[in-house]
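Participant: This is the structure I have questions about; it appears just below.
The values are calculated or read from the model by the stated rules, or taken from the named source; none is laboratory data. Quantities reported herein were computed from a predicted structural model and do not represent experimental measurements. Cβ coordinates were reconstructed from backbone atoms using ideal geometry, including for glycine residues, and neighbour counts include every protein chain displayed. SASA here: full protein model, heavy atoms, side chains in, ligands and nucleic acids out. Shrake-Rupley method; radii C 1.70, N 1.55, O 1.52, S 1.80 Å.
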Amino acid sequence: MKDDRSISDAKKLARKTAGDVRKAAHELLKAHAAQALVDHGLDFAGDLTGKTISGFIPYLSEIDTRPLLGQLGARGCRTCVPVVIENNTPLEFRTWAPGEPTVAGRWGIPVPPDGSAVVDPDVLLVPMLAFDISGYRLGYGGGFYDRTLEKLRAMKPVVAVGVAYSAQQLDAVVCGDHDQPLDWILTEKGPHKPGKLI
C-alpha cells in the first residue's frame, strides 16, 4: 500500500513545476498546436463511427481541443465536455459543440448550460499538467478524471486519450493506487501508445 500523504505531498511539489513547463510550451506552440491535433485526428483510438467523444474547453494554458471536436462533430461523432458537479464525485458530461452557448462553471471554466443532454463518452480527451511513458498523468489534485474513468471503465469499454504539449512529458509521474492510466497520449507531435513514447 502506498503512503497517501507522501504521494499527495510529492504531487503538490510536481504541480508547480509542471504548470510552469506547460505555460512555457503554450506560449511557444499555441498558435499551431490546436491545428496539429486536427491534422493527427483520433483514428488511432479505433472506429469512431457513432461514438460520443468528450473534449475540454481549455483552462489556463491547456492545449485547445475545440478545433478537433469541431472536426469530429463534422464526421458525425457526438461531442461533449465535462462539468464538475461537486467535489469527490465523477464528472458529468454534457453535449456541446464549438460555437454553442456556454455558462461559467466551477473555477470560471465555460460549460454547457443546465438542461443540456447528459451522456457517457466512449472516448475521452483528458487534460493534464504532465504525463509519463507509462501513461499516468498529473492532474490538478481533485481526482475528477480518476473517479470518472473508474466509473466508465466499469460500465463499458472506453478509450482515455491524454492531450498535452510534448514538453509536458516526464520520466515518471508520482501516482497512487487510485490513479487511472491513460490508453493513449496525443500531443502536437502525434499520438503515442504508453510504453512506446519517444
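Participant: Dipole size in debye (nearest 20) for the chain around its Cα centre, Lys and Arg Cβ +1, Asp and Glu Cβ -1? Intermediate values should be presented prior to the final figure.
Facilitator: Numbers: 23 positive and 24 negative charges, 21 e Å.
The dipole of the chain has a size of about 100 debye.
Participant: How big is the chain by the Kirkwood estimate over distinct Cα pairs, in Å?
Facilitator: Averaging 1/r across every pair of different Cα atoms and inverting gives 17.0 Å.
Participant: Another question about this same structure. Could you order Trp184, Trp96 so the one with the most accessible surface comes first? Probe is 1.4 Å. Present the calculation step by step, with values, prior to reporting the outcome.
Facilitator: Details: Trp184 55, Trp96 15 Å².
If we order Trp184, Trp96 from most to least accessible, we get Trp184, Trp96.
Participant: Using only C-alpha positions, report the orientation-averaged shadow area of the convex hull of the range 107-198, nm², one decimal.
Facilitator: On the way: hull surface 27.9 nm².
Seen from a random direction, the Cα hull of the range 107-198 projects 7.0 nm² on average.
Participant: Separate question: Just reorder Tyr145, Tyr59, Tyr140 by solvent-accessible area, largest first, 1.4 Å probe, all chains present.
Facilitator: Tyr140, Tyr59, Tyr145
Participant: Something else now. Can you give me the accessible area per residue for the range 135-198, using a 1.4 Å probe, in Å²? If you can, show how the numbers build up before the last one.
Facilitator: Numbers: 2980 Å² over 64 residues.
That works out to 47 Å² per residue.
Participant: With every protein chain left in place and a probe of 1.4 Å, what is the accessible surface of Arg78, to the nearest 10 Å²?
Facilitator: Counting only protein heavy atoms, the figure is 120 Å².
Participant: Let me ask something else. Rounded to the nearest 10 Å², what accessible area does Asp64 show when all protein chains are kept and the probe is 1.4 Å?
Facilitator: 40
Participant: Leaving out ligands, DNA and RNA, and with a 1.4 Å probe, what % of the accessible surface on the chain is carbon or sulfur?
Facilitator: 53
Participant: While we're on this one: So if I place +1 on the C-beta of Lys and Arg and -1 on the C-beta of Asp and Glu, and nothing else carries charge, what would the dipole magnitude of the range 69-149 be about its Cα centre? I want it in debye, nearest 20.
Facilitator: Around 140 debye, computed over the range 69-149.
Participant: Students sometimes get this wrong: rank Glu62, Glu27 by accessible area, probe 1.4 Å, all chains present, largest first.
Facilitator: These residues rank, largest area first, as Glu27, Glu62.
Participant: So, in the chain, how many Lys pairs have Cα atoms under 19 Å apart, if the pair is 8 or more places apart or on different chains?
Facilitator: 8
Participant: If you don't mind, another one. So, for the range 5-116, what is the accessible surface per residue at a probe of 1.4 Å, expressed in square angstrom?
Facilitator: 53
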